[in-house]
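Notes for the one structure printed next.
The values are calculated or read from the model by the stated rules, or taken from the named source; none is laboratory data. Just so you know, these numbers come straight off a predicted model, no measurement behind them. Neighbour counts run over all protein chains shown; Cβ positions are idealised from the backbone, glycine included. Accessible surface areas use protein heavy atoms only, side chains included; no ligands, DNA or RNA. Shrake-Rupley method; radii C 1.70, N 1.55, O 1.52, S 1.80 Å.
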Amino acid sequence: TMKTNFLFPNSWKKIGWIIFIPSLIGAILLSMNFEVFSQILKIKVFALVEIQLFDNQNYFKIIENHIIDEIILIGIIVGGILIGFSKLKNEDEFISKIRYESLVWATYFNYLLIIIFTTLLYGFTFLNVVFYNLFTLLLFFIIRFHYQIYKLNKFNSDEE
């Protein structure tokens, strides 16, 4: 079998789902402008740079910030990485090939969408697309990889 040192243990995939799903739900709620939700967890944090619209610029300062959006984004990224890059129970060279092809496909698809949105969307709508792009590559990869594994398992069970 092929060496897969770069993959996490299979058991970490469950942890990834436990982190990813609530974070994704939180992101959806935030994007729907649930103001109450976005105003929780206001704490003092260190800011390398903070530039507010029509306000002062802060560099290397302690500021007050609602950190729920940072927690959600980190949760999506960490959960997505654990889901996408944890070994399957029967990881072999064919699964590695599917993983690789899914990652390449997701990269092409993600950047094709960015090119399309760059030519069609402007202003804050485009900024939203750029924000979501922080995790869409992972999301497309996870969807494509698991769909390909589902098709493989369905094909194998139909042959038996």
Inset, instruction - Scan Leu121, Leu112 and give me the residue that is open to solvent by less than 70 Å² (accessible area, probe 1.4 Å) and out of contact with any Ser or Thr (no Cβ under 6 Å at 6 or more places or on another chain). - result: Leu121
Inset, instruction - Could you list all residues from the stretch 124-160 that are within 23 Å of Ile25 (Cα to Cα), over 15 Å from the mean Cα position of the chain (by Cα) and open to solvent by 70 Å² or more (accessible area, probe 1.4 Å)? - result: Phe124, Thr125, Leu127, Tyr147
Inset, instruction - Kindly indicate whether Thr107 is open to solvent by 40 Å² or more (accessible area, probe 1.4 Å) and either of a type outside the set (Lys, Arg) or assigned to a helix (DSSP H, G or I) (or both). - result: yes
Inset, instruction - Determine, yes or no, whether Ile81 is touching a residue at least 60 places away in the same chain (Cβ under 8 Å) and surrounded by 15 or more Cβ atoms within 10 Å (Cβ to Cβ). - result: yes
Legend entry - Flag for Phe141 being at pLDDT 95 or above, more than 30 Å from Asn33 (Cα to Cα) and assigned to a helix (DSSP H, G or I): no
Inset, instruction - Answer yes or no as to whether Asn58 is assigned to a strand (DSSP E or B) and either among the polar types (S, T, N, Q) or out of contact with any Asp or Glu (no Cβ under 7 Å at 6 or more places or on another chain) (or both). - result: yes
Inset, instruction - Say whether the condition of being over 15 Å from the mean Cα position of the chain (by Cα), open to solvent by less than 80 Å² (accessible area, probe 1.4 Å), modelled with pLDDT of 90 or more and more than 19 Å from Trp12 (Cα to Cα) is met by at least one residue in the stretch 85-98. - result: yes
Inset, instruction - Would you please list the contacts, defined by Cβ atoms under 9 Å and residues six or more apart or on different chains, that run from a residue in the stretch 97-120 that is under 10 Å from Arg144 (Cβ atoms) to a residue that is open to solvent by 90 Å² or more (accessible area, probe 1.4 Å)? - result: Ser102/Ile143; Ser102/Tyr147; Ala106/Ile143
